[in-house]
1. Of the residues Ala110, Ala97, which single one is over 18 Å from the mean Cα position of the chain (by Cα) and under 11 Å from Val67 (Cβ atoms)?
2. Write out, first by first residue and then by second, each pair whose Cβ atoms fall under 9 Å of each other, whose residues are 6+ apart or on separate chains, and whose first residue, in region 114-128, is exposed (fewer than 10 other Cβ atoms within 10 Å of the Cβ) while the second is aromatic (Phe, Trp, Tyr).
3. Would you please list the contacts, defined by Cβ atoms under 8 Å and residues six or more apart or on different chains, that run from a residue in region 98-109 that is within 14 Å of Leu58 (Cα to Cα) to a residue that is polar (S, T, N, Q) and surrounded by fewer than 17 Cβ atoms within 10 Å (Cβ to Cβ)?
4. Can you tell me which residue is surrounded by the fewest Cβ atoms within 10 Å (Cβ to Cβ) among those in region 42-88 that are acidic (Asp, Glu) and over 16 Å from Thr122 (Cα atoms)?
5. Name the pairs: first residue in region 47-60 and without any contact (Cβ under 8 Å) to a residue 40 or more places away in the chain, second residue assigned to a strand (DSSP E or B) and of a type in the set (Ser, Thr, Tyr), Cβ to Cβ under 9 Å, at least 6 apart or on different chains?
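Please treat every number below as a calculation from the coordinates, not as lab data. Computed from a predicted structure; not experimentally measured. Note that we place each Cβ from the backbone using ideal geometry, even for glycine, and neighbour counts take in every protein chain shown.
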Amino acid sequence: MADPSTPDQPRLRWGLSAASIGRAARRGVVAPLVVLAALMPLQVHAAFECMVKINHVLIYRDGSVNVHHTGRGDYTMVCNLNAERLGVSPVTCAMWAAMLQHIKKNNGTANFYFEGTGSCATLPWYGDSPAPVYIGDMATP
């Protein structure tokens, strides 16, 4: 439907004209919509990370990789070298195990990043541990 007050005005996307947008702005409709649109992509996403020293790395015969680090004070399972565990493939697990051993050997700092709520100190033990999203070697060059 044409806007009778602006017959020569080009239409924008969704059939709106610049004049109709201007009228909506004067009525106070656009500002709240702009604020709402700006806030929509901001979803709350809980996550935490642990920047820790590695005390021990254990690799069990079933392929489980457990780590004892300064953030927890007990062993937490990271992954399994023989089977996918909580979305972590055996290939990724092998890379992580090698990296963790390297970090320990060099007295470096590891960064474990987890989705969800929690903290390093409250990570569940052994097989109840969540899988990290990533593990990083935070060595300074």
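1. Working: Ala110 fails: over 18 Å from the mean Cα position of the chain (by Cα).
Testing whether each residue is over 18 Å from the mean Cα position of the chain (by Cα) and under 11 Å from Val67 (Cβ atoms) leaves just Ala97.
2. Once the first residue is exposed (fewer than 10 other Cβ atoms within 10 Å of the Cβ) and sits in region 114-128, its partners that are aromatic (Phe, Trp, Tyr) give Thr117/Phe48.
3. Final answer for the pair search is Lys104/Asn55.
4. Let us first name the residues in region 42-88 that are acidic (Asp, Glu), namely 49, 62, 74, 84.
After this cut, where a residue has to be over 16 Å from Thr122 (Cα atoms) as well, the list is 62, 84.
On the way: Asp62: 9, Glu84: 14.
It comes out as Asp62.
5. Pairs found: Leu58/Ser64; Leu58/Tyr75.
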